[in-house]
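What follows is a single structure, written as structure tokens, with notes after it.
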Amino acid sequence: MVTARQITIRHERPHETEAREALLDRAYGPVRFRKVSQRLRRSREPAQGLSFAASEHGRLVGTLRLWNIDAGTAGAALLLGPLAVDPDYRGRGIAAALMRRALSEAARRGHRAVLLVGDEAYYRRFGFSTAGTSLLFMPGAFDRRRLLACELVPGALKGAFGLISATGRIVSKTKAATHNVQGQIVHRPARHAAWKSPTVVRNRPRSFPRRRESSIWVPHSRGRAEIPTGPPPFLPTTRLELER
């Protein structure tokens with residue numbers, strides 16, 4: 001049996017990204033990519049210093065991140081989630097320990113409010129309620145009864161209304177780990193992640209072929225220009241779309 005005393009709550013480490021994704025898959029399955037809160041996290045970096053992990057002897061068994069958002073007219077706030085614990089380690093108080101550590105660190109760093117989408121019956125113990133969120137809206141269909149907030153500074157959400165929007169730093173496309181359209185992490189060498197050959201051109205005449213094996217045709221101010229595929233030493237002045 002695993003007890004809370006055996007678990008270490010600490011900051012997430014950079015090399016744990018893949019283990020975290022696997023843990024979230026076990027905890028939630030593919031439905032996690034369809035949650036409306038995922039729209040506020042997709043292709044964004046988590047808030048600085050607010051990614052936490054629970055581990056036992058080096059094994060990742062719990063995860064929690066917070067994300068930068070704007071809470072309508074209230075301005076800067078945080079979005080909490082997803083909170084996940086390995087199914088084999090549930091019922092040991094790990095989720096509660098992650099929550100308390102995250103809220104304590106967020107307050108210490110000067111953040112004013114934390115929002116989440118979840119069951120009030122569970123999160124009430126940490127200070128979350130629907131008070132302050134009645135006039136706030138998620139970027140998609142959501143259950144208003146599950147939109148909760150915890151004011152780290154009293155009155156931080158007083159009179160707040162409007163759309164909740166993501167403000168976190170966008171994940172760099174040159175990183176070795178990049179997000180695909182679902183928000184999943186795709187690992188590939190950085191030298192391949194940073195470049196793919198240009199293929200499609202806006203407003204291209206219909207007579208131009210989409211692809212050629214050795215080169216592509218693009219509109220040019222003086223007619224047609226042939227550009228070799230593969231990473232060139234420079235980008236042409238013609239406006240191109242790059243596939244990522």
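The values are calculated or read from the model by the stated rules, or taken from the named source; none is laboratory data. Keep in mind it's a predicted model, so treat the numbers as computed, not measured. FYI the Cβ positions are ideal-geometry reconstructions off the backbone, even for glycines, and counts take in every protein chain you see.
For (1) modelled with pLDDT under 95; (2) of a type in the set (A, V, I, L, M, F, W, C), each residue gets a yes or a no:
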site	(1), (2)
Arg125	no, no
Phe128	no, yes
Arg146	no, no
Cys150	no, yes
Ile185	yes, yes
Arg191	yes, no
Val201	yes, yes
Could you tell me which of the residues Ala27, Ala4, Ala95 is modelled with pLDDT of 95 or more and either crowded, with 16+ Cβ neighbours inside 10 Å or at negative phi (or both)?
Ala95
Applying the selection to the range 101-120, what residues are surrounded by fewer than 21 Cβ atoms within 10 Å (Cβ to Cβ), farther than 24 Å from Pro139 by Cα and of a type in the set (Gly, Ala, Ser)?
Ser104, Ala107, Gly110
Here's a check for you: in the range 30-53, which residue that is part of a loop (DSSP other than H, G, I, E, B) and of a type in the set (Lys, Arg) is surrounded by the most Cβ atoms within 10 Å (Cβ to Cβ)?
Arg41
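Would you check which residues across the range 1-29 are free of Cβ contacts under 8 Å to residues at least 12 places away in the same chain and either among the aromatic types (Phe, Trp, Tyr) or not in a loop (DSSP other than H, G, I, E, B) (or both) and list them?
Going residue by residue through the range 1-29, those that are free of Cβ contacts under 8 Å to residues at least 12 places away in the same chain are 1, 5, 14-15, 22, 25, 29.
Arg5, Pro14, His15, Ala22, Asp25, Gly29, listed by residue number.
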Top-ranked residue in the range 135-155 [being in contact (Cβ under 8 Å) with a residue 40 or more places away in the chain and buried (at least 19 other Cβ atoms within 10 Å of the Cβ); ranked as nearest to Gly110 (Cα to Cα)]
Leu152
Regarding the range 54-68, can at least one residue be identified that is more than 22 Å from Gly132 (Cα to Cα), in contact with a helix residue (DSSP H, G or I) (Cβ under 7 Å, 6 or more places away or on another chain), of a type in the set (Ser, Thr, Tyr) and not in a loop (DSSP other than H, G, I, E, B)?
yes
